[in-house]
Amino acid sequence: MVSMRAWQVTKPGPIDNGPLRSELLEVPDPGPGELQVRVLACGVCRTDLHVAEGDLAVHRTDVVPGHEVVGVVTALGPDAGTEFAVGDRVGIAWLRHTCGECRFCLRGAENLCPRSRYTGWDADGGYAEFAVVPAAFALPLPAGYGDTELAPLLCAGIIGYRALRRAALPPGGRLGIYGFGGSAHLAAQVALAEGAEVHVMTRDAAAQRLALELGAASAQGAAEPPPVPLDSAILFAPVGDLVLPAMAALDRGGVLSIAGIHLSDIPPLNYDRHLFQEREIRSVTANTRADSREFLAFAGAHRLEVTVHPYALADADRALRDLAHGRFAGAAVLVP
């Protein structure tokens, strides 16, 4: 048996109680239609924290988390196709299977497929030295970025991109961003590159400074009103209480896009203050492969500044604790 070091969620619960355990596991072989990938870097996402703490119900016992995986192809399973070859650098993202047959898949909304499956939740992910991925869901990566820079693009970047599109920001519009972590700081750069005026609301002083350095027009506290009415807003912080100030900050016809897979309860809304004048709330559910490829092509054409904090794979539990306690701005990345 050829073994590898990996982290498993052995007992979901508060991150400070150690729900992850480092283990020696067998290196996975690629099955039909799959690629075997040696992990070069894996981003640390808040969704990993939700899996570790049990906010997302267990789908696979002792799952290896991690779904922002940059790796190099080391073997191809039978019928893996011709898009990727041994030695290619590829990305493994959250979405890893859809049925291709349901009404959602057939209309181009595969992110809503009832039979969808996910990396680091339904199947082992990238908190390990090796991983496998269906070739049909592996992603080609843009040139000009290092491995650790690419990792956050594979979920933080992709989900931020979809959240921005769901926010229906008009050309040259005013965008509010609530929370400014790994996903938000990438979505802000996409919006700025497309000509938006960006205003950031976050409690973290370092994140406020980063927002201004990247070109935001303003940065203030998480629940503070922006200096101007907003055409659109994105809520990245998993805090339902922030829905109210975000909705109150929207101009007529404004849209709030909620980017997280998990959100604490939303307090009661006042119809006149928060919803009247055709304001809308929209959720974001995963992404499609088209979203992934569009965003990565954008990243290839527009150099994004990716703020990363590298951790050794051996320190994955510490990286998740630091994420939970807001000890860095930007994105943590594990390096085997």
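Entry comment: accessible area of segment 167-291 is 42 Å² per residue, from protein heavy atoms only and a probe of 1.4 Å.
For the chain, relative contact order (Cα pairs under 8 Å, six or more residues apart, normalised by length) works out to 18 percent. Here the chain has 49 percent of its accessible surface on carbon and sulfur atoms, given a 1.4 Å probe and all protein chains in place.
Taken one residue at a time, the phi angles of segment 315-323 give Karplus couplings (6.51, -1.76, 1.60, θ = phi - 60°) of 10, 4, 5, 5, 4, 5, 5, 5, 4 Hz. Gly and Pro are set to x. Computed from backbone phi with θ = phi - 60° and the Karplus coefficients 6.51, -1.76 and 1.60, the 3J(HN,Hα) list for segment 223-231 is 10, 6, x, x, x, 9, x, 9, 7 Hz; x is used for glycine and proline. The long axis of helix 182-193 is offset from the longest Cα principal axis of the chain by roughly 60 degrees. For the chain, the longest principal axis of the Cα atoms and the long axis of helix 205-214 meet at an angle of about 90 degrees. Approximating the spin labels as points 7 Å out from Cα along Cα→Cβ, the residue 115-to-residue 277 distance works out to 4.7 nm. In this simple spin-label approximation, residue 17 and residue 265 carry label points 7 Å from Cα along the Cα→Cβ vector, and these lie 2.1 nm apart.
Can you give the FRET efficiency to the nearest 0.05 for residue 193 and residue 228, using r as the Cβ-Cβ distance and R₀ = 25 Å?
0.80
Between the Cα long axis of helix 289-301 and the first principal axis of the chain there is an angle of about 80°, rounded to the nearest 10.
Calculated [222 nm] ellipticity per residue, helices only, for the chain: -6500 deg cm²/dmol; basis is -39500 (n - 2.57) per DSSP H run with n ≥ 4, divided by all residues, nearest 500.
Put simply, the chain fits an ellipsoid with semi-axes of 33, 21, 19 Å; these come from the alpha carbon gyration tensor as the roots of five times its eigenvalues, largest first. Surface exposure of segment 1-81, expressed per residue as accessible area with a 1.4 Å probe, stands at 44 Å².
The values are calculated or read from the model by the stated rules, or taken from the named source; none is laboratory data. Quick caveat: nothing in here was measured; it's all calculated off a predicted structure. So basically every Cβ, Gly included, is an ideal-geometry build from the backbone, and we count neighbours across all protein chains shown. The protein model used for the area step is the full one, side chains on, heavy atoms only, and it has no ligands, DNA or RNA in it. Shrake-Rupley method; radii C 1.70, N 1.55, O 1.52, S 1.80 Å.
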